[in-house]
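Let me begin by presenting the structure, written as structure tokens, before commenting on it.
The values are calculated or read from the model by the stated rules, or taken from the named source; none is laboratory data. Bear in mind that the values here come from a model prediction, so they are computed numbers and not experimental data. Here the Cβ positions follow ideal geometry from the backbone for every residue, glycine too, while neighbour counts run over all protein chains shown.
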There are 2 protein chains.
Amino acid sequence: MANIRDIAKMANVSVTTVSRVLNNHPYVSEEKREAVLQVIKEQNYQQNIHAVHLSRGKSNLVGVVVPFAKHPYFGLLLEGIANEAIEHDYHLVLIQTNYDEKKEQEALEMLKYKQIDALIICSRISAWKVVEEYASFGDIIVCENASDRKKVQSVYVDHYEGFYQALQYLYEKGHQRIGYCIGRQSGSNSYFRAKAYQDFLHEKQLPFDESFVFYENYYLEDGQKVVNQLSYLDLPPTSLLVTSDVVAAGILTACQDKGIHVPENLAIVGFDNQPIAKMMKITTFEIPIVEMGRKLFSQVKKESPIKHKELDITLVERETV
Amino acid sequence: MANIRDIAKMANVSVTTVSRVLNNHPYVSEEKREAVLQVIKEQNYQQNIHAVHLSRGKSNLVGVVVPFAKHPYFGLLLEGIANEAIEHDYHLVLIQTNYDEKKEQEALEMLKYKQIDALIICSRISAWKVVEEYASFGDIIVCENASDRKKVQSVYVDHYEGFYQALQYLYEKGHQRIGYCIGRQSGSNSYFRAKAYQDFLHEKQLPFDESFVFYENYYLEDGQKVVNQLSYLDLPPTSLLVTSDVVAAGILTACQDKGIHVPENLAIVGFDNQPIAKMMKITTFEIPIVEMGRKLFSQVKKESPIKHKELDITLVERETV
DNA sequence: GTTGGTTGAGAAACGCGTTCCAGTGCAAGT
DNA sequence: ACTTGCACTGGAACGCGTTTCTCAACCAAC
């Protein structure tokens, strides 16, 4: 296959001119431009993309770190990121970590040796210190409140505030025994929610019962597990905050099977406002996930000094409270 | 940052030797190997990945074409592909097409100019003729029955057979008016299912009613739409084959809202056996999606002559028939 | 002592596009 | 008439690792 030098020769111009035609640089006369274009067409010439990357020192590739591609939350996020990437002529390198820190590390390494120009971390595992070491190699954008971090950018929802609001909402509906279900126990979003929970209990002078907190809930199936655990409690919570609508849906279904009436026996508040929440009429706090995905990508290579962007959560009242 | 030549100088060896150390080639004495390793460590040296790609003419990147990342079917497929890719030290470039043929074309172009070494097309749009033109540039693997195609590889389930079996199953349960819901109207999987449907009607001497076929059903929300349309029919089907469990779940929920009893008034058979099918006790034909994803990736760069691989579908009887 | 295989190592070629810099030619401005 | 300065062109340097050739050294077998 012909390379740029061959094309230059055949078109009787310099390599530089061919490059300029290729990249739509100005300062090429119309005749030469057409001559070059003609030869390119004849030869069915293609730039060697690796040479372009080597030369430019960048690749128009952005890494996206997700724990699982199959989880609807990350599916939605990916959708938003992908759609925005298309519009900016970037491609996405998908890095699925399964919450394995090594995989995240690898992604950071890819940033270091410039296989990717930027990295979007949808759910972080490594410590801030580690992540920030890599910030000098390219933009790092996280999907969590990192407004106090100088080196990375972020797009997020205020989970502290959201959780607090949700607790307040249930409290006003008369609930005093409020539990919650969450995904992983560590992680910054979980931290903020736990904090909001503790602060709320403290403010309302409510006791903390550790059996009211359920960890490792990600999927529909996990709802069943929660309802099971609930049945072992002497004094179960009267309401549950569930940090993913799919889990909330699982809980709701399990309740229906067990004859637990929702919301009479158990009130449920979901998060995300995913399609399933609408379908099953789950009261939920809407998180604009797809939009968040788009915004996450928009942070890539942006000049603007706004490094941190917060999106709003809104309550969607339906029938589970 | 130091390059391979700098390292060579510092270690008092040739560039070749450094390269050999880097790539674990034989013919490097232990002393030199260690000297090189030492310098590499000291200098915190990193290969320039673009130079490696340029030199090798490949990138260890595999493209994955999906219409939407947010659809659970593709989420599951992606999960399988991603997990297999990790094990083979490949990375994935996600190309979301939104069923826009241009995007798919772009993906094929990426294969042509070798930005990616292989391409997995999870749902094809372009004509075979177009796709096959690109087969010479790298492996192309599709997720549909392409057993009669020489140039591409495939991993698939027999949708003709699956659909036929499902129809047979409903027929044996006493249903004569069987409708079906499907995603896009074109597409090879849809073609095989439509064919199975026609063949079945013909065999059983049943009339074809075009109002029994519902197109463009992808998500939970679409189930509502189907049930609405159903209510306008004078003589609606007594049973429905639904090519995605999420849509089946949507239909089931909409039926519950409308007081349509399932399975008495309407029997529903889903496909995929996704978590939601289990949760909502939907009778469904299981498609091993995650495994299919893994197998799709396994076809990449495989020596074996097995270019086409069929996976089995199995009936999971639950409560919607 | 000669032939031959094996191991170790380096020079040079190869893959290829971008960009800096120098320079020419022509037109507008003073 | 003379200076600016813009439009256009191309040579050469740069980014960097892999791989092929070639050759030397060394040991073993004949």
Review point. Residue check: is A:Ala82 aliphatic (A, V, I, L, M), in a loop (DSSP other than H, G, I, E, B) and at the interface with another protein chain (Cβ under 7 Å from one of its Cβ atoms)?
Key: no
Check your understanding: Residues in region A:234-264 that are in a loop (DSSP other than H, G, I, E, B) and free of Cβ contacts under 8 Å to residues at least 12 places away in the same chain: how many?
Key -> 4
**Study point:** Positions within region B:1-15 being more than 7 Å from DNA strand D (Cβ to nearest atom) and not β-branched (Val, Ile, Thr), in sequence order
**Key:** B:Ala2, B:Asp6, B:Ala8, B:Lys9, B:Met10, B:Ala11, B:Asn12, B:Ser14
Point to revise | Test: residue in region A:98-113 that is acidic (Asp, Glu), surrounded by fewer than 18 Cβ atoms within 10 Å (Cβ to Cβ) and in a loop (DSSP other than H, G, I, E, B) | key: yes
Study note, to complete from the structure: Sole miss for B:Val65 among (1) out of contact with any strand residue (DSSP E or B) (no Cβ under 6 Å at 6 or more places or on another chain); (2) assigned by TED's automatic domain parsing to the domain that holds B:Cys143; (3) in contact (Cβ under 8 Å) with a residue 24 or more places away in the chain is condition (1)
Review point. Quick check, is A:Leu94 surrounded by fewer than 24 Cβ atoms within 10 Å (Cβ to Cβ) and either within 16 Å of DNA strand D (Cβ to nearest atom) or within 16 Å of A:Phe297 (Cα to Cα) (or both)?
Key: yes
Study note, to complete from the structure: Among helices (runs of 4 or more DSSP H) entirely inside region B:8-65, those with 1 or more residues being out of contact with any Phe, Trp or Tyr (no Cβ under 8 Å at 6 or more places or on another chain) and away from DNA strand C (no atom under 12 Å from the Cβ) are B:15-22, B:30-43
Check your understanding: Do you know which residues across region A:298-312 are hydrophobic (A, V, I, L, M, F, W, C) and modelled with pLDDT of 95 or more?
Key -> A:Leu311
Check your understanding: Is it the case that some residue within region B:221-239 is of a type outside the set (Gly, Ala, Ser), at pLDDT 95 or above, under 30 Å from B:Leu61 (Cβ atoms) and in the same structural domain as B:Gly179 (by TED's automatic domain parsing)?
Key -> no
Practice item. Working carefully through the options B:His50, B:His91, find the one that is touching a His at 6+ places or on another chain (Cβ under 7 Å), within 7 Å of chain A (Cβ to nearest Cβ) and modelled with pLDDT under 95. Key: B:His50
Revision key, fill the gap. In region B:295-321, residues that are hydrophobic (A, V, I, L, M, F, W, C) and part of a loop (DSSP other than H, G, I, E, B) total 4
Check your understanding: In region B:180-192, what residues are modelled with pLDDT of 95 or more, surrounded by 22 or more Cβ atoms within 10 Å (Cβ to Cβ) and not in a loop (DSSP other than H, G, I, E, B)?
Key -> B:Tyr180, B:Cys181
Check your understanding: Within region A:16-28, is there a residue that is away from DNA strand D (no atom under 16 Å from the Cβ), over 22 Å from B:Tyr134 (Cα atoms) and among the β-branched types (Val, Ile, Thr)?
Key -> no
